[in-house]
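The values are calculated or read from the model by the stated rules, or taken from the named source; none is laboratory data. What you see is a predicted model; the values in this text were computed from it and never measured. Cβ coordinates were reconstructed from backbone atoms using ideal geometry, including for glycine residues, and neighbour counts include every protein chain displayed.
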Amino acid sequence: MEKVLLVVIDYKRPTGWSAEDIADELKELVDGCRGETVETFICRLEKPSAPYLIGKGKVDEIAGMCGMIDVDTVIFSQDLKGNQQRNLEEKLKVKTIDRTQLILDIFARHATSQEGKMQVELAQLEYLLPRLVGKGIALSRLGGGIGTLGPGETKLEVDRRRILERVGKLKRKLKDVVSSRSLTRKRRRDKGVPVISMVGYTNAGKSTLFNVLTQADQVVRDGLFTTLDSLSRQMVLPSRQKVVVSDTVGLMHELPHHLIESFKATLEEVKEADLLLHVLDVSCPNFRQRYEAVLEVSRELEVAGRPVITVLNKIDLCEDRSFLTGLDRIVNNPVAISAKNGENFEALVDAVSKQLAALIVEIDVKIPIGRMDLVNLAHEQGQVYSVKYYNDSIHLRGSLPARFAGVFLKENLG
Ligand SMILES: Nc1nc2c(ncn2[C@@H]2O[C@H](COP(=O)(O)OP(=O)(O)OP(=O)(O)O)[C@@H](O)[C@H]2O)c(=O)[nH]1
Ligand SMILES: [Mg+2]
């Protein structure tokens, strides 16, 4: 097993994550790569230094540690620039990578679908690009293993232009994936079927809940980033209303931006959802920070403000549950459940039914003749029952998600 020394950079993070929380999560990421964390070095950082990120004295200290204990890889909790990585490797004499590379590595290990693999490769290449210096590429990494898995040795040696070409090609292919997906969604929408999408921190229990709701058999595992693809399944509510539920990739705090960018094709599903189920593992001591981290990524995905139910999951693991009652002041629309033993499931289904009932509204409006864009919007986002054109107005009847209704009502000539 690859032996890992973690270097956790300690500074006051505005997000409230402590160095210990960061270290614990890094250890889980290392586990996910089948590595073994043998030592953790917490390093206060007053001011980043250009050559090594951390001060030279600290580098010497770490080099001493690497000499004493058997270490194959050093992993930094902060992103390293290309030159910093090279300087550190020269000093430490072992492979040195950063958290982003570690996360990319897990993704590379877990990607099984064509789409997942393309997205991971794109993220890896985008990570690599700014780290290519001059004409030659100092990419021959020390050793193999964690952080070196991915685009493959031959590709690592090709020059910048070839990488750029590959990036362009991957982006084009992924765009095709997005457009074929949006066709499927359009068909679904035409049938008036609402979409519910899981979101949440990795390992929160999204796939477990998805399986219970839809009788699917998504892989469930205690570990980070088990699910990388989106999967949608139908669910029938007690009212007999059909809905589509989709499970997708988990999120994490300070998720590398490239990764979010690259996974846009998969995350499109979340963007199209009428209702989000934000699954939160409340048995985890820093669940509040995790909640905030997911909101942060939601903002980036432009789904902040979407109707949401916060599923407070894993309550079977909470001995004292008194804290749950106060959570409605902090999180949006909470329902506490255990996805594993089914506790309080009815309350969740009930909350989902109520939310959905409020989501679709009927419209019967007369809008100005110039607003064909609104007719198109109604066709795209909802169901149009009838459209009649008059000299100076359009009479439109249909139903559509409540979030689009405002503009129709504003333009209504009565
Ligand atoms: N005790 C307990 N464990 C749960 C519960 N829900 C999920 N788990 C466990 O938590 C772990 C992660 O569950 P998953 O459903 O794979 O989590 P996920 O959110 O899909 O994770 P990723 O796909 O990796 O982002 C598994 O070991 C589950 O068995 C729960 O309500 N109680
Ligand atoms: Mg999952």
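In a residue-by-residue description of region 53-70, the property of being under 27 Å from Glu296 (Cβ atoms) and at pLDDT below 95 applies to at least one position.
Among the candidates Val193, Val178, Val236, Val212, the residue that is surrounded by fewer than 21 Cβ atoms within 10 Å (Cβ to Cβ), under 25 Å from Leu125 (Cβ atoms) and more than 11 Å from ligand 2 (Cβ to nearest atom) is uniquely Val178. For region 334-381, a residue qualifies if it is of a type in the set (Asp, Glu) and farther than 30 Å from Asn412 by Cα, and the qualifying residues are Glu343, Glu346, Asp350.
There is no residue in region 137-149 that is among the small types (Gly, Ala, Ser), within 21 Å of His257 (Cβ to Cβ) and modelled with pLDDT of 90 or more. May I ask you to list the residues in region 234-265 that are within 26 Å of Asp350 (Cβ to Cβ), part of a loop (DSSP other than H, G, I, E, B) and away from ligand 1 (no atom under 13 Å from the Cβ)? Leu237, Pro238, Ser239, Arg240, Gln241 - these are the residues of region 234-265 that are within 26 Å of Asp350 (Cβ to Cβ), part of a loop (DSSP other than H, G, I, E, B) and away from ligand 1 (no atom under 13 Å from the Cβ). In this structure, Arg403 qualifies as surrounded by fewer than 16 Cβ atoms within 10 Å (Cβ to Cβ), under 27 Å from the mean Cα position of the chain (by Cα) and touching a residue at least 24 places away in the same chain (Cβ under 8 Å).
Of the candidates Leu128, Leu132, Leu45, the single residue that is among the hydrophobic types (A, V, I, L, M, F, W, C), within 30 Å of Val219 (Cβ to Cβ) and modelled with pLDDT under 95 is Leu128. Kindly evaluate Glu380 against the criterion of being within 16 Å of ligand 1 (Cβ to nearest atom), surrounded by fewer than 18 Cβ atoms within 10 Å (Cβ to Cβ) and either of a type outside the set (Val, Ile, Thr) or in a strand (DSSP E or B) (or both). When the stated conditions are applied, Glu380 does not pass them.
Candidates in region 309-337 are the residues that are under 22 Å from the mean Cα position of the chain (by Cα), in a loop (DSSP other than H, G, I, E, B) and away from ligand 2 (no atom under 16 Å from the Cβ); of these, the one that is surrounded by the most Cβ atoms within 10 Å (Cβ to Cβ) is Val331.
Restricting Leu275, Leu295, Leu301 to residues that are more than 16 Å from ligand 1 (Cβ to nearest atom) and either closer than 26 Å to Lys81 by Cα or in contact with a Lys or Arg (Cβ under 9 Å, 6 or more places away or on another chain) (or both) narrows the list to Leu275. Here is a check on your reading of the model: is Arg306 within 16 Å of ligand 2 (Cβ to nearest atom), touching a residue at least 24 places away in the same chain (Cβ under 8 Å) and not assigned by TED's automatic domain parsing to the domain that holds Val167? The answer is no for Arg306. For region 203-233, the set of residues classified as β-branched (Val, Ile, Thr), near ligand 1 (Cβ under 6 Å from one of its atoms) and at pLDDT below 95 consists of Val220, Thr226, Thr227, listed by residue number.
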